[in-house]
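Input: a single structure, listed below in structure tokens.
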Amino acid sequence: MNLPADRLLLFGATGDLAQRMLLPSLCALDADGLLDNDLKIVATARSEMSTRDYRDFARAALEKFLPDHRRGGVAEFLNRLSYVPVDATTREGYDALATEVGAYDKGLAIFLSTAPSLFEPTIEGLVQAGLTQGNVRIGLEKPLGTDLASSEEINDAVAKAFSEDRIFRIDHYLGKETVQNLLALRFANMLFEPVWNATYIDHVQITVAETVGLESRVAYYDDSGALRDMVQNHMLQLLALVAMEPPTSFDATAVRDEKVKVLRALRPIAREETVTGQYRAGAVEGTAVPGYDQELGKDSDTETFVALKAHVDNWRWKGVPFYLRTGKRLPERVTEIVVQFRCVPHSIFEGRGASTKPNRLVIGIQPEENVQLSMMAKVPGLDRDGIRLRQIPLDIAMPDAFSGTVRRIAYERLLLDLIEGDQTLFVRRDEVEAQWEWIDAIRTLWEREDIKPKAYGAGSWGPSAAIALAERDGVSWHDE
């Protein structure tokens, strides 16, 4: 078993992710006593600055992005930080970096928050400086390639210096509390597992909706699109957690073995099972917003919306459709999983003037973390025409159920696991490659069939074809 690392080396330490997520997460972990006293954090980036300058930079980031109620211990946290400027595209600076890191008796954790194009030269510099020997593990921030071939190239470069058991590929959705709670819901309760199959479940919906447009991600997003930005990683990971078989234990190998089986069982998408869209000018939350081409400043065929009808071809899920959709400039910011159960096989109430509706389990991931189970119940009172039924929700709002518990951001969990060496919530190489194989086949289909994004107004739920995709099967998206 790995010991908690006594050194954390943070590449890309002046970037947006470091300011918004990494530094606030590490500071919060420190304030809560979850970091060992001897953990030293060495930050590096291309910018020329001293350790004192970087501490001032980090303090400003924490004042901006760390909630007021979690700012205790900022001064103590800043004392952990040191800074060494390194240009990852050259071999210079790595020896100074190694000197600053010093001896790591328990282990060294490295976090690469850089462009994937810098992974290979960075790793070559680490090898040169002797910073890959011994108990060293490395965390890789997405995107890990733009297709299977580029992903393999990146993974091959990393594998030259690190064995698979020392590589931590990050999908920050796996650090979210409700995503982890999905495992607890399924495998810590006898209630759901006996009915978690094609006999009792009609379909599953997974929605990741954003209200924002391009913001600061113009160059990246136009090269990526919704399919590669959201479906390839976050949504397929959610699908795998919903559909996986019970692992033998809650450890990295067992959990990830079961996820890979699901990803390999995904049926190739057919033309009629895919819809792509691109937003036009409209209004979101009462504010007028421009269309994608207007934001981009040029015409583009990049999709900002994707809807898919997926199938997991195995014993448990044969015949159960998984409807996936994600998009920008949609009416709400919401990430949720909807498990729709089948209707009761025979209703004893139909002749008494009452009708039944199927049960539905809704797992809200963001913006609010909650679990809601819709049940049928009798409406109180007397009725000469028979019995009246109504569907009512059984709600578990996580903040209310665990009042007084600190609400953490996903990177706190992931950074702590990287430091401690627990790979359970990180993505294995064969998972990444199985995801890319499926995604590449969809993109090949789009190119072969000349499938272009359909226009949809900002503030709507995507192209009308996305509604038809579900309605052909008698299914309505959960927002309707």
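The values are calculated or read from the model by the stated rules, or taken from the named source; none is laboratory data. A quick note: this is a predicted structure, and the numbers were derived from the prediction, not measured. With ideal geometry, Cβ positions are generated from the backbone for all residues, glycine too; neighbour counts draw on all protein chains shown. Ligands, DNA and RNA are excluded from the accessible area calculation, which covers all protein heavy atoms including side chains. Shrake-Rupley method; radii C 1.70, N 1.55, O 1.52, S 1.80 Å.
A few points about this structure:
The rows are residues; the columns are (1) at pLDDT 90 or above; (2) on the phi > 0 side of the Ramachandran plot; (3) touching a Cys at 6+ places or on another chain (Cβ under 9 Å); (4) not assigned by the TED database to the domain that holds residue 127.
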position: 30; (1), (2), (3), (4): yes, no, no, no
position: 51; (1), (2), (3), (4): yes, no, no, no
position: 54; (1), (2), (3), (4): yes, no, no, no
position: 80; (1), (2), (3), (4): yes, no, no, no
position: 85; (1), (2), (3), (4): yes, no, no, no
position: 88; (1), (2), (3), (4): no, no, no, no
position: 102; (1), (2), (3), (4): yes, yes, no, no
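- Any hit, segment 217-227, residues being assigned to a loop (DSSP other than H, G, I, E, B) and open to solvent by less than 30 Å² (accessible area, probe 1.4 Å): no
- The set of residues in segment 51-71 that are open to solvent by less than 50 Å² (accessible area, probe 1.4 Å) and part of a loop (DSSP other than H, G, I, E, B) contains only 66.
- Residue, farthest from residue 44 (Cα to Cα), within segment 101-124, restricted to residues that are among the hydrophobic types (A, V, I, L, M, F, W, C) and open to solvent by 30 Å² or more (accessible area, probe 1.4 Å): 103
- Annotation: residue 41 fulfils all but one of (1) within 21 Å of residue 97 (Cβ to Cβ); (2) in a helix (DSSP H, G or I); the unmet one is (2).
- Of all the numbered requirements in (1) aliphatic (A, V, I, L, M); (2) in a loop (DSSP other than H, G, I, E, B); (3) within 30 Å of residue 8 (Cβ to Cβ), residue 451 misses one, and that requirement is (3).
- If the condition is being open to solvent by 70 Å² or more (accessible area, probe 1.4 Å) and in the same structural domain as residue 241 (by the TED database), then segment 150-186 contributes only 177.
- Highlighted here are the strands (runs of 3 or more DSSP E) found entirely within segment 314-418 that include at least 3 residues which are free of Cβ contacts under 8 Å to residues at least 24 places away in the same chain: 370-378, 389-397.
- Among the residues making up segment 248-266, those that are under 22 Å from the mean Cα position of the chain (by Cα) and either among the basic types (Lys, Arg) or not in a helix (DSSP H, G or I) (or both) are 250, 251, 256, 259, 261, 264, 265, 266.
- Scope segment 424-465; condition open to solvent by less than 20 Å² (accessible area, probe 1.4 Å) and either closer than 30 Å to residue 136 by Cα or outside the structural domain of residue 176 (by the TED database) (or both); matching residues: 424, 425, 426, 427, 431, 432, 434, 435, 436
- Test: residue 207 is in contact (Cβ under 8 Å) with a residue 12 or more places away in the chain, of a type in the set (Ser, Thr, Tyr), under 27 Å from residue 443 (Cα atoms) and touching a His at 6+ places or on another chain (Cβ under 8 Å): yes
- If the condition is being assigned to a loop (DSSP other than H, G, I, E, B), within 23 Å of residue 231 (Cβ to Cβ) and modelled with pLDDT of 90 or more, then segment 119-158 contributes 146, 147.
- Residue match in segment 240-247 (condition: under 26 Å from residue 194 (Cβ atoms), assigned to a loop (DSSP other than H, G, I, E, B) and open to solvent by less than 10 Å² (accessible area, probe 1.4 Å)): yes
- Some residue of segment 334-343 being closer than 30 Å to residue 42 by Cβ and touching a Lys or Arg at 6+ places or on another chain (Cβ under 6 Å): no
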